[in-house]
Amino acid sequence: VARNALDALDEPMKSGPIAPRRVAIDPSSLLRTFPPSSAFSGEGSQNVPASDAGRAGERLEGIRGWVGGFAGFSTGGAADLENGFLIGGNAAFFFLDHVGIEAGVHRRSTDVAPMPSSALSEGSLDSTIVTGGVVVRFPVSARVVPYVAGGAAYFSNSFEIDASLSGRLAALNFEATEEVESAIGFNVGGGVDVLVSRRLVVFGEARYLDAASDTRAELRDTITGTTAVAGGSQDLKAVEILVGVRYVFPRGPRKAGKS
Amino acid sequence: MMAFRKIPFTFRAGRLALLLVALVEAAPGSPQGTLDEGPLPPPATPRRSSPDLDSRLAQLTEIDRREGREAASRFAAANAIPLDARQRVRVLIHQGIASTGAERAIAARVLAFAGNVQGRVGDLVEARVAIEAVEWLSGPPEIGWIEPAPLPVSMQVTSQGVAVTQASEILEDGASYRPSAEPIRVGVLDSGFEGYSNLLGSELPSSVTTRSFHPLGIGGGGVAHGTACAEIVHDMAPDAQLYLANFDTLSEHGQAVDWLVSQRVDVISYSIGWYNTGPGDGRGMVNDQVRRATTAGVEWVGSAGNDAETHWEGIFSDTNGDSWHNYTSTDEGNTISLRKGDLFIAFLNWDDWFQSSQDYDLYVFDSSNRLMAFSDDYQDGSQPPTEAAGFVAPSSGNYYVAIHRYSATRNVTLETFFVTSSPNQQEYVVSAGSLAIPADTDGAIAVGATYWRDDALEPFSSQGPTSDGRTKPDLSAPDGVDTATYQALGEPFFGTSASAPHVAGAIALLKARFGIYSMEQVIDILYGRALDRGAAGKDNEYGEGRLDLVGR
């Protein structure tokens, strides 16, 4: 379509008389040649006038990226991890209209209810989880875009033994400490973006993260100093359900010949 | 001739001490607690209960009427009045008049008040009735005294050692850290476990594994010593699995040890001692059997012995050239006072193990120098350096133990143990080195006895060092404690026999609750937490100190 418009401009100069010939230029054809600032030019974008770019921005398509925050809870997964809360943020850069890379970080706080085979004792496990990977969007309507995402996950963990357990041990002159090493695993999930204003999206997402961390438990007799150490492995897998808000960066206008 | 004997380390001498304590506490003239609170109110007159109704039942019905069912239920629980799920009270109804129709009349009366008859106990009728109906039952002449049906009461006895050693802190707190995945197995090796089956589910776990190598079976011919030891282990470590094995002879002893090892026990509690089976330096037949367990990874916890007051040792000395040992320059007999009927056995050994060519003999005389017993084994290079002689005292009085050099090229170091059926004071005592065998075994834990009330070392508790100079015992633990077994005889359980199972149980408890520790570390913790008594550090009386699981 864009070539046609330009051809229409050039044509009289090539073959017509010297007197210029007026050619009516349909602005909409130019829009198609130079997509509007764009990002949100959805299904019917070819029909959206340039002067309506703002309204076009209310359509969920063709974004350059986003930054956002979210909160939610984790559930399921490792049997000895109870439901936990999480909060975090992420950002994405789309190198194609619907394909991009994302990175995020969130903090997950989970109580541990140990089982006989558990590597950790009763306590709370806080994980700072850095995720990164690919995100692919599937626009299905003007305002709703499902997406899937997946990639690597890095867990940085800290564990604190339950205070009542520590207290009971202290009363018996024991001191216990437990550490959970960092771990690398993976994450995979999907969600739905819903446009609520020109550059604001709310989203819901379910994501499965999986990793196993080495653990180190140490019990010290505070009288004799007798210390025992035990290693283990803590399963960190969980399904995270989260909701959040994103600020999106629309894809800007493309220069001719480069689109 | 008795070459060696095994002796359970039960010691009952503390009865007198306990009696004295009780008398002091109850001495007349001591102010009673109520005096501080003012005079007691006079008893209620007239009596509030009826002649036909137990006062607890009368109070129950009154509380039910005035304060409601919940208050009545609380009262019933506090007064051992049995209520069923429907809050009906179980009563025993005595017959008011003995007649053939009395029982029927009682049943009719019960039914009239919507109760039901549960059964007969002799001439008594057991029934369940609503609380408010209890006092209505009275009236007909056939109904006599009404009382609550008795509740079965568990006669559990817990060793005072559980609290003294602060094992109770762990038990009551329920504290654990990475507990052992499997229960800890404790073997109790003893002469007999008479009556153990009666204590299953109360003083002992609901089930135990037993194996008898004794010709008379697990009871050992009526010996309950092992049962009392097992009780203490169970008090200290209620979750431990118990393996009870008994024996009579040394060969059976070895079989029993091997069986316990094959059962993969973690700890063996051993409250038996032997005399004349080795030099006291860890060598000997019994020690070898103990080592079969310790080398298999079993923690062997044994009594140190009760011989600190019945042991003597010294170098043979013949100051007047008559071949009799001189305890002093003028005394050739070690006097012991016996009561008529007392069993007395003297054991003698000397430092020429294992095939001795130094020949010494043992004699016992009465105060008239009449020979009562003797042992004159040959030692010509192929016999052990041991003698033993025993008798039953025909009359009360002093007896003398004398040692004769028959044929010897050197003055050996002599050692005697006197064993009597009742506590007796002997003239010459050397407490040092009084460990019984196999308390001298390296790699095994020897346990001395402290009285649970005051931590004082029991005067009879055997002392180190071993004959090769190692400090023993390793720990001390309470004795004089209550067990159901000996309580039935009206006696606390005294002796290092009672002390060893406290330590065995403590090991099992710590290992079970803190499974992250190796057995070796558990022992280190017990040693490190023991309350230092006697000389600073490990000594030959208390060892590392008195057992304490928490430390201070």
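The values are calculated or read from the model by the stated rules, or taken from the named source; none is laboratory data. This one's a predicted model, so the numbers in the text were calculated from it and none came from an experiment. Positions of Cβ are generated from backbone atoms using ideal geometry, with glycine treated the same way; all protein chains shown enter the neighbour counts.
In segment B:527-543, what residues are touching a residue at least 40 places away in the same chain (Cβ under 8 Å) and more than 9 Å from chain A (Cβ to nearest Cβ)? Show your work before the answer.
Residues of segment B:527-543 that are touching a residue at least 40 places away in the same chain (Cβ under 8 Å), as a first pass: B:527, B:530-531, B:533-534, B:538-543.
Within segment B:527-543, B:Ala530, B:Leu531, B:Arg533, B:Gly534, B:Lys538, B:Asp539, B:Asn540, B:Glu541, B:Tyr542, B:Gly543 qualify.
Of everything in segment B:64-74 that's surrounded by fewer than 19 Cβ atoms within 10 Å (Cβ to Cβ) and either in contact with a helix residue (DSSP H, G or I) (Cβ under 6 Å, 6 or more places away or on another chain) or in contact (Cβ under 8 Å) with a residue 60 or more places away in the chain (or both), which residue is farthest from B:Ala133 (Cα to Cα)? Don't jump to the end; show me each part of the working.
Step one: list which residues in segment B:64-74 are surrounded by fewer than 19 Cβ atoms within 10 Å (Cβ to Cβ), which gives B:65-71, B:73-74.
Keeping just the survivors that are either in contact with a helix residue (DSSP H, G or I) (Cβ under 6 Å, 6 or more places away or on another chain) or in contact (Cβ under 8 Å) with a residue 60 or more places away in the chain (or both) gives B:65, B:69, B:71.
Values: B:Arg65: 11, B:Arg69: 13, B:Ala71: 17 Å.
This residue is B:Ala71.
Please determine, by comparing only the residues of segment A:150-198 that are farther than 25 Å from A:Ile241 by Cβ and assigned to a loop (DSSP other than H, G, I, E, B), which one is farthest from the other protein chains (Cβ to nearest Cβ). If you could, list the steps in order and put the result at the bottom.
Taking segment A:150-198 as the starting set, the residues that turn out to be farther than 25 Å from A:Ile241 by Cβ are A:161-179, A:181, A:198.
Going one step further and asking which of them are assigned to a loop (DSSP other than H, G, I, E, B), we end up with A:162, A:172-173, A:181, A:198.
On the way: A:Asp162: 11, A:Leu172: 5, A:Asn173: 5, A:Glu181: 18, A:Arg198: 57 Å.
It comes out as A:Arg198.
Would it be correct to say that A:Ala176 is within 30 Å of B:Leu549 (Cα to Cα), surrounded by 15 or more Cβ atoms within 10 Å (Cβ to Cβ) and in contact with a Lys or Arg (Cβ under 9 Å, 6 or more places away or on another chain)?
yes
What number of residues within segment B:102-151 satisfy the criterion of being out of contact with any Asp or Glu (no Cβ under 7 Å at 6 or more places or on another chain), touching a residue at least 24 places away in the same chain (Cβ under 8 Å) and part of a loop (DSSP other than H, G, I, E, B)?
10
Take the residues of segment B:513-526 that are within 15 Å of B:Leu475 (Cα to Cα) and within 7 Å of chain A (Cβ to nearest Cβ): which is surrounded by the most Cβ atoms within 10 Å (Cβ to Cβ)?
So, considering only residues that are within 15 Å of B:Leu475 (Cα to Cα) and within 7 Å of chain A (Cβ to nearest Cβ), the one surrounded by the most Cβ atoms within 10 Å (Cβ to Cβ) is B:Ile525.
Applying the selection to segment A:199-233, what residues are within 14 Å of chain B (Cβ to nearest Cβ) and among the small types (Gly, Ala, Ser)? Give the derivation first.
Within segment A:199-233, the first condition is being within 14 Å of chain B (Cβ to nearest Cβ), and the residues that meet it are A:215-232.
Residues satisfying the conditions are A:Ala217, A:Gly225, A:Ala228, A:Ala230, A:Gly231, A:Gly232.
With respect to the numbered conditions (1) surrounded by fewer than 20 Cβ atoms within 10 Å (Cβ to Cβ); (2) more than 8 Å from chain A (Cβ to nearest Cβ), which one is the sole condition not fulfilled by B:Leu509?
(1)
Just checking, does segment B:215-225 include any residue being crowded, with 18+ Cβ neighbours inside 10 Å, assigned to a helix (DSSP H, G or I) and in contact (Cβ under 8 Å) with a residue 12 or more places away in the chain?
Taking every residue of segment B:215-225 in turn, at least one turns out to be crowded, with 18+ Cβ neighbours inside 10 Å, assigned to a helix (DSSP H, G or I) and in contact (Cβ under 8 Å) with a residue 12 or more places away in the chain.
Out of the residues in segment B:159-174 that are within 13 Å of chain A (Cβ to nearest Cβ), assigned to a loop (DSSP other than H, G, I, E, B) and touching a residue at least 60 places away in the same chain (Cβ under 8 Å), which is surrounded by the most Cβ atoms within 10 Å (Cβ to Cβ)?
The initial filter retains those residues of segment B:159-174 that are within 13 Å of chain A (Cβ to nearest Cβ), namely B:165-174.
Remaining after also requiring assigned to a loop (DSSP other than H, G, I, E, B): B:165-166, B:174.
This time we only want the ones that are touching a residue at least 60 places away in the same chain (Cβ under 8 Å), so: B:165-166.
Details: B:Thr165: 29, B:Gln166: 19.
Among residues in segment B:159-174 that are within 13 Å of chain A (Cβ to nearest Cβ), assigned to a loop (DSSP other than H, G, I, E, B) and touching a residue at least 60 places away in the same chain (Cβ under 8 Å), the one surrounded by the most Cβ atoms within 10 Å (Cβ to Cβ) is B:Thr165.
Of all residues in segment B:115-146, which are among the acidic types (Asp, Glu) and within 23 Å of B:Gly68 (Cα to Cα)?
Initially, segment B:115-146 is screened for residues among the acidic types (Asp, Glu), giving B:123, B:126, B:132, B:135, B:142.
The answer is B:Glu132, B:Glu135.
Yes/no matrix, rows are residues, columns are (1) surrounded by 13 or more Cβ atoms within 10 Å (Cβ to Cβ); (2) without any contact (Cβ under 8 Å) to a residue 12 or more places away in the chain:
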position: B:Asp322; (1), (2): no, yes
position: B:Tyr360; (1), (2): yes, no
position: B:Leu371; (1), (2): no, yes
position: B:Phe391; (1), (2): yes, no
position: B:Ser396; (1), (2): no, no
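Determine if segment B:183-193 includes at least one residue that is modelled with pLDDT of 90 or more and within 14 Å of chain A (Cβ to nearest Cβ). Talk me through it step by step, then tell me what you get.
In the first step, residues of segment B:183-193 are kept if they are modelled with pLDDT of 90 or more; the result is B:183-193.
Next, from what is left, pick out any that are within 14 Å of chain A (Cβ to nearest Cβ): B:183.
Yes, segment B:183-193 contains at least one residue that is modelled with pLDDT of 90 or more and within 14 Å of chain A (Cβ to nearest Cβ).
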